[in-house]
Structures are given as C-alpha cells and as structure tokens.
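Peer 1: Take a look at the following structure, please.
The values are calculated or read from the model by the stated rules, or taken from the named source; none is laboratory data. Every value quoted in this text rests on a predicted model; they were computed, and no experiment measured them. Glycine gets a Cβ as well: all are built from the backbone with ideal geometry, and neighbour counts include every protein chain shown.
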Amino acid sequence: MLFYLVTQRSKPALGLINWSRRVTLMTCFFNLFRKKGSSSGTRLTGVDLDVSEIQNVNIYTYRELRSATEGFSPSNKIGQGGFGEVYKGKLRNGSLVAIKVLSAESKQGVREFLTEIKVISSIEHENLVKLHGCCVEDNHRILVYGYLENNSLAQTLIGAGHSNIQFSWPTRRNICVGVARGLAFLHEEVRPHIIHRDIKSSNVLLDKDLQPKISDFGLAKLIPPNLTHISTRVAGTVGYLAPEYAIRNQVTRKSDVYSFGVLLLEIVSGRPNTNRRLPVEERYLLTRAWDLYEAGETEKLVDAFLDGDFNVEEAIRFCKIALLCTQDSPQLRPSMSIVLEMLLGEKDVNEENVTKPGMIFEFVEAKSAWKQKGKSEENGKLMLAEGKQDESSSSETMTSFATMTFTAICDRSN
C-alpha cells in the first residue's frame with residue numbers, strides 16, 4: 001500500500017484525493033478479512049456496514065480455490081451472470097463447493113459483496129444457501145458456498161427442457177412451499193428484517209433431493225420494523241420487479257412478495273415470465289394468468305409436460321395465490337407467512353378477492369444504457385426522478401431498470 005501511495009505523489013491533486021480514497025477503502029477491506037471473526041469495529045468508507053458483525057466466515061486463499069477448481073477450468077464452470085462466474089470445486093477435505101468468482105467488471109461491488117457475506121453468514125435456514133467462506137486477495141473477490149447438485153430452477157425447469165429431472169406436481173409444490181418458507185423467515189423472523197430484492201428462478205437452487213435454497217444476497221436490504229419502505233435505486237431483474245419499486249424506487253417486503261408471485265406462476269407453468277417468441281396475447285405470463293383466471297380457465301396455465309397428472313384444485317389455488325401476490329397495490333398483497341399458510345391449505349384462498357396485477361411491459365437493459373458515457377448520467381436522472389435515492393448505492397449494482405414509458409400499468413380502479 002505504501003509503495004502505491006508514494007508513486008502517486010507525482011499525479012495531480014485530484015488524482016491523489018481519489019487514489020487516497022481507494023487506498024483507504026482497500027485497506028479497510030483487507031483488515032476485514034485479515035482475521036476470521038475480527039472484533040474490529042471498522043466501517044468501510046461510504047459503506048454503512050459494521051464489519052464487526054460479520055462472524056463465522058472461513059477465509060480461503062486464492063491458491064486453494066484455484067486448486068479446488070483445477071485452475072478455474074471451463075469444464076468446472078456451472079454458472080455465469082453479470083457478477084462473474086460460478087465453478088464447481090473440491091476442497092482439500094473433500095467437500096464439494098460452488099465457488100462464485102466476481103469479475104473485475106462485476107455489477108456486484110464491494111458494498112454488495114460485503115452485504116452478501118454479512119446477511120448469509122449471520123443466518124441459517126434449510127431453504128437458504130449455506131456460505132462456507134470467502135477469499136479476498138489483491139483484486140480477487142470470491143464467495144464459497146455449499147455445492148447444490150441440481151443447479152437452479154432457471155436451468156432445470158423454467159422454459160428449459162435441458163434437464164433430465166422430472167418435475168412432478170408434488171415436486172413443484174414442495175419447491176414453492178420451500179421458497180415461501182425461506183422468504184417468510186427472512187421477512188418476519190430475522191431481526192432486522194431482510195428484503196432479498198432479487199427473487200427469481202436463477203436464484204433458487206436445488207439440492208440432490210430437489211429441496212430449494214434461496215441464493216444471491218448481494219442486493220439484500222435490512223429494514224428496521226419501524227420503517228414501511230426503503231427508497232433506493234432500482235436493482236433486480238426484468239420481469240420480477242414490482243411496479244412501485246420500478247416506478248417510485250420504493251422497496252418493501254411486498255416487493256419480494258410480488259417477485260415470488262411471478263416465480264410461483266413460472267413453477268406451475270414451467271415457462272419464463274416473458275417469452276417474445278409467443279403471440280402477443282401469450283407473451284407475458286402474468287397477463288396470460290390473469291386472462292385465464294377471469295375466464296375461469298386457470299388450469300390451462302399448468303405445464304403441459306405434466307400431461308394432466310396434477311392436483312387440479314391445488315394448481316388453481318397456487319395460481320390464485322400468485323395473482324394475490326402480484327396485485328398492483330402492495331397493501332393488498334399478503335405477507336409471506338400468509339402466503340405460506342395459503343400454499344399449505346391452512347388458509348382459505350377462496351375468501352380472498354383478487355384485483356388486477358400490476359404489470360409493466362417496457363423495459364431496457366441497464367447494461368447497455370449505462371455503458372454509454374455522457375448518456376448514463378442523463379438516463380440516471382430520468383430514472384431517479386421520483387422518490388428519495390439511496391446515495392450510497394452504485395449505479396453498477398443495477399441489473400435492469402424500467403424506462404419511464406410504462407405502457408401497461410393496470411387500471412387501479414378495480
């Protein structure tokens with residue numbers, strides 16, 4: 001660190017200031033992981049996270065993880081996204097792990113990296129992924145999770161057809177209930193409550209017994225019980241974003257409920273929430289579900305691969321629960337504990353009135369928009385025109401955002 005500080009003295013004053021900030025951040029980041037379970041109360045510059053609260057995190061060397069993945073061999077790569085790549089690895093003790101390597105251009109920055117460690121290392125639940133540890137050496141940021149044999153719902157069920165797994169109705173039911181349990185735990189049992197902010201099929205992993213595990217807590221937000229919402233820059237994935245979040249930048253636990261409702265429809269139907277290869281009237285899963293519900297033909301939404309081998313009454317109930325979760329008004333959506341009771345048949349869904357879902361059709365991928373220099377700031381101002389912003393959030397954390405041309409927000413008069 002001292003060497004770099006000396007070499008920068010010849011640079012302009014502004015460069016010195018910027019570099020000083022970077023070195024301060026890197027030094028704090030290094031101190032965080034220098035000793036497991038450190039009691040240091042250090043706070044990262046610009047990152048409102050007390051690192052002393054991060055406990056029980058194993059520290060791996062880059063060399064260890066490189067060896068575990070056979071040099072990060074392409075043959076061991078099991079996933080890839082905007083954050084980087086995921087590899088299957090085998091540690092020295094024989095444990096199989098999933099190694100999440102964040103790329104230098106990752107949308108998940110230091111703040112999100114620390115958030116993921118803090119959130120998932122401090123809680124444990126059968127429907128949440130298990131964090132083994134991490135690696136921080138030089139510019140390497142790596143998370144080590146328990147390996148889950150059957151990958152994600154996105155790769156095995158949702159619109160895929162590339163898996164040999166037979167997703168029977170009981171299996172789908174179990175997955176829906178498991179994800180609901182995990183979310184209810186995050187929303188209501190953990191203190192402070194946790195909003196995941198990126199519930200989607202690729203973030204639901206399956207173990208050898210097809211038990212679901214919610215993963216990827218890089219965008220998670222902690223919300224005190226006295227707050228109704230958090231105003232923050234939009235982050236998440238197209239197709240799963242709740243309207244109030246996309247439009248007004250207000251995220252609540254009900255935003256997760258909306259995303260779960262979309263996921264629930266995907267699991268029942270076996271198709272992604274958006275498929276532009278289909279006719280316009282069938283392109284969006286949520287509108288398709290609403291149309292069939294109004295016509296009294298909800299059972300037509302169920303995956304044809306089940307070939308009629310499913311509980312019709314239960315499938316219809318699950319679809320209605322999904323529509324309750326995706327109602328336009330957040331206040332009308334049930335809590336996740338109520339959703340769980342409905343899925344288990346402990347609460348009568350027929351007593352509930354369903355209003356039109358909130359739907360937004362015009363989206364733009366943030367990656368291409370924010371890559372254009374000069375235009376990115378203008379786009380950001382347009383996007384952030386409404387609602388108080390979380391100034392500490394980096395624009396790079398956005399997976400996607402909605403444009404201001406919302407062409408199909410449902411009539412709220414119903």
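Peer 1: Any chance you could count how many residues in the stretch 244-290 are without any contact (Cβ under 8 Å) to a residue 40 or more places away in the chain and aromatic (Phe, Trp, Tyr)?
Peer 2: Qualifying residue count, the stretch 244-290: 1.
Peer 1: Which of the residues belonging to the stretch 327-359 are surrounded by 15 or more Cβ atoms within 10 Å (Cβ to Cβ) and part of a loop (DSSP other than H, G, I, E, B)?
Peer 2: Within the stretch 327-359, 328, 333, 334, 335, 347, 352, 354, 355, 356, 358, 359 qualify.
Peer 1: I'd like to know if the stretch 295-306 contains one or more residues that are in contact (Cβ under 8 Å) with a residue 12 or more places away in the chain and farther than 25 Å from residue 170 by Cα.
Peer 2: Within the stretch 295-306 (the criterion being in contact (Cβ under 8 Å) with a residue 12 or more places away in the chain and farther than 25 Å from residue 170 by Cα), the answer is no, since none of the residues qualifies.
Peer 1: Please pick out the residue among 183, 205, 148 that is at pLDDT 85 or above, within 18 Å of the chain's Cα centre (by Cα) and part of a helix (DSSP H, G or I).
Peer 2: 183
Peer 1: Please work out which residue is farthest from the chain's Cα centre (by Cα), limiting yourself to the stretch 279-297 and to residues that are among the hydroxyl-bearing types (Ser, Thr, Tyr) and closer than 14 Å to residue 319 by Cα.
Peer 2: For the stretch 279-297, the residue satisfying everything is 293.
Peer 1: Same structure, new question: Among the numbered criteria (1) at positive phi; (2) within 23 Å of the chain's Cα centre (by Cα); (3) not small (Gly, Ala, Ser), which one does residue 307 miss?
Peer 2: (2)
Peer 1: Another one. Kindly provide the set of residues from the stretch 268-296 that are farther than 23 Å from residue 179 by Cβ and buried (at least 20 other Cβ atoms within 10 Å of the Cβ), ordered by number.
Peer 2: none
Peer 1: Something else: Any idea how many residues of the stretch 68-103 are farther than 18 Å from residue 150 by Cα and either within 21 Å of the chain's Cα centre (by Cα) or hydrophobic (A, V, I, L, M, F, W, C) (or both)?
Peer 2: 9
Peer 1: Taking the conditions exactly as written (within 15 Å of residue 349 (Cβ to Cβ), surrounded by fewer than 16 Cβ atoms within 10 Å (Cβ to Cβ) and of a type outside the set (Gly, Ala, Ser)), does residue 313 satisfy them or not?
Peer 2: Yes: the conditions hold for residue 313.
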